[in-house]
1. Checking the condition at pLDDT 85 or above and either exposed (fewer than 15 other Cβ atoms within 10 Å of the Cβ) or in contact with a Cys (Cβ under 8 Å, 6 or more places away or on another chain) (or both), which residue from E186, E176 passes?
2. Looking for whichever is part of a loop (DSSP other than H, G, I, E, B) and either modelled with pLDDT of 95 or more or among the acidic types (D, E) (or both) here; the options are G333, G320, G344. Which one fits?
3. Across segment 298-312, what is the number of residues that are within 17 Å of the chain's Cα centre (by Cα) and part of a loop (DSSP other than H, G, I, E, B)?
4. Which residue pairs have Cβ atoms under 6 Å apart, sit 6 or more places apart or on different chains, and have a first residue in segment 226-255 that is on the phi < 0 side of the Ramachandran plot and a second that is among the charged types (D, E, K, R) and surrounded by fewer than 21 Cβ atoms within 10 Å (Cβ to Cβ)?
5. Here are the criteria: (1) under 25 Å from Y185 (Cα atoms); (2) modelled with pLDDT under 95. Tell me which single one P118 does not satisfy.
6. If you take the residues of segment 17-35 that are among the aliphatic types (A, V, I, L, M) and surrounded by fewer than 21 Cβ atoms within 10 Å (Cβ to Cβ), which of them is nearest to E315 (Cα to Cα)?
7. Give me the pairs: first residue in segment 182-202 and over 16 Å from D150 (Cα atoms), second residue basic (K, R) and modelled with pLDDT of 90 or more, beta-carbon distance under 9 Å, and six or more apart or on different chains, which are they?
8. For A277, state whether it is over 19 Å from L214 (Cα atoms) and among the hydrophobic types (A, V, I, L, M, F, W, C).
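The values are calculated or read from the model by the stated rules, or taken from the named source; none is laboratory data. Nothing here was measured: the structure is a model prediction, and the numbers come from that model. Ideal geometry is used to build each Cβ from the backbone, glycine not excepted, and the neighbour counts take in all protein chains shown.
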Amino acid sequence: MSNEIEIGRGKRGRRAFSFDDVAVVPSRRTRDPEEVSVGWQIDAYHFELPVLAAPMDSVMSPATAVALGRAGGLGVLDLEGLWTRYEDPEPLLAQIAELPEAEATARMQEIYSAPIQPELIRRRVGEVRDAGVTVAGALSPQRTQEFWKDVVDAGVDLFVIRGTTVSAEHVSGRAEPLNLKRFIYELDVPVIVGGASTYTAALHLMRTGAAGVLVGFGGGAAHTTRVSLGIHAPMATAVADVAAARRDYLDESGGRYVHVIADGGVGRSGDLVKAIACGADAVMLGAALARATDAPGGGWHWGPEAHHPHLPRGERVQVGQAGTLDQVLFGPGHTADGSLNLIGALRRAMATTGYSDLKEFQRVEIVVSPYQPR
């Protein structure tokens with residue numbers, strides 16, 4: 001049964017769904033929330049929470065990466081951000097938070113034009129490693145060739161290659177593109193790569209040897225790719241498509257499991273629940289963690305697309321401050337908007353539908369139920 005819709009006589013399009021368009025359905029069984037496990041493992045690394053922090057300056061500093069690691073999640077440092085360009089970026093973070101809207105993009109382009117310093121990459125990674133938590137750092141595909149050795153030598157446990165979209169087959173007549181398959185094969189640490197938003201793109205990334213695939217295409221709160229590039233990947237469909245690629249690659253490879261990580265559109269606790277239900281093993285959170293009072297953005301949120309020197313595809317957005325990082329993750333909540341106690345909500349949803357762990361919860365029934373807020 002096809003779900004294609006005729007757009008016009010010369011074009012048809014497949015119907016796709018965002019997290020707002022779907023809902024989880026209760027089953028015949030319920031459980032005690034305290035008996036639900038939300039832990040997961042990628043390669044040799046086990047985490048108590050299925051949460052990775054997005055590598056954005058408004059979300060992660062070395063200190064918040066350590067705090068998230070101690071809470072049971074994984075903080076991913078942006079190794080192209082302010083912390084690797086400046087000895088002390090905190091005055092600049094405060095300045096970005098105070099910029100008038102009309103001046104924000106231009107000033108951020110100036111601030112981020114400072115060169116990345118390999119010594120600061122090593123130092124920031126070392127700060128997290130010295131705290132005794134799992135260390136992850138992210139580079140864009142364009143910067144990976146230049147700085148990967150500094151990152152690995154600094155002692156990361158997990159290497160993240162993250163871009164708006166990352167393909168296993170980048171074509172360029174100007175420079176030799178990153179050969180992902182060879183790069184991952186020669187690297188001594190597990191690699192998480194993305195974003196990808198289609199079955200085919202994800203399957204090709206899995207074949208490179210990646211340990212995990214990030215699912216999404218500029219769909220976060222601070223992105224404007226839909227209006228600037230005309231590209232959008234509704235996340236419920238994207239996660240389900242990539243989960244199907246994981247299943248088929250598991251058969252193709254004779255049992256190699258690649259983890260699917262939803263990256264984008266997971267701004268509230270209900271989105272986290274539906275991402276796992278659609279097939280994700282974990283989620284990468286940006287705006288949800290930027291709302292923490294101890295996040296570096298001070299109530300503001302932005303990603304690398306917001307200060308692109310030639311074509312900004314994001315913006316600095318005000319997300320406010322909901323509570324401490326601990327409250328965002330574990331509560332107690334004092335609002336009913338899904339911004340606090342994300343993990344408690346996930347446990348409650350799994351318990352309400354009768355599932356005991358994340359892999360089981362991926363089998364929960366989902367219905368199409370477009371959300372119509374009043």
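1. Details: E176 fails: at pLDDT 85 or above.
So the residue among E186, E176 that is at pLDDT 85 or above and either exposed (fewer than 15 other Cβ atoms within 10 Å of the Cβ) or in contact with a Cys (Cβ under 8 Å, 6 or more places away or on another chain) (or both) is E186.
2. Numbers: G333 fails: either modelled with pLDDT of 95 or more or among the acidic types (D, E) (or both); G344 fails: part of a loop (DSSP other than H, G, I, E, B).
From the options G333, G320, G344, the qualifying one is G320.
3. As a first pass, look at segment 298-312 and keep what is within 17 Å of the chain's Cα centre (by Cα): 301-306.
From what's left, part of a loop (DSSP other than H, G, I, E, B): 302-303.
The number of residues fulfilling the criteria is 2.
4. S228/R313; H232/R226
5. All conditions pass for P118, except number (2).
6. Applying the first criterion (among the aliphatic types (A, V, I, L, M)) to segment 17-35 yields 22-25.
From what's left, surrounded by fewer than 21 Cβ atoms within 10 Å (Cβ to Cβ): 23, 25.
Details: A23: 29, V25: 35 Å.
Of everything passing the filter in segment 17-35, A23 is nearest to E315 (Cα to Cα).
7. I192/R162; V193/R162; G194/R162; G195/R162; A202/R246
8. Numbers: over 19 Å from L214 (Cα atoms): no; among the hydrophobic types (A, V, I, L, M, F, W, C): yes.
No.
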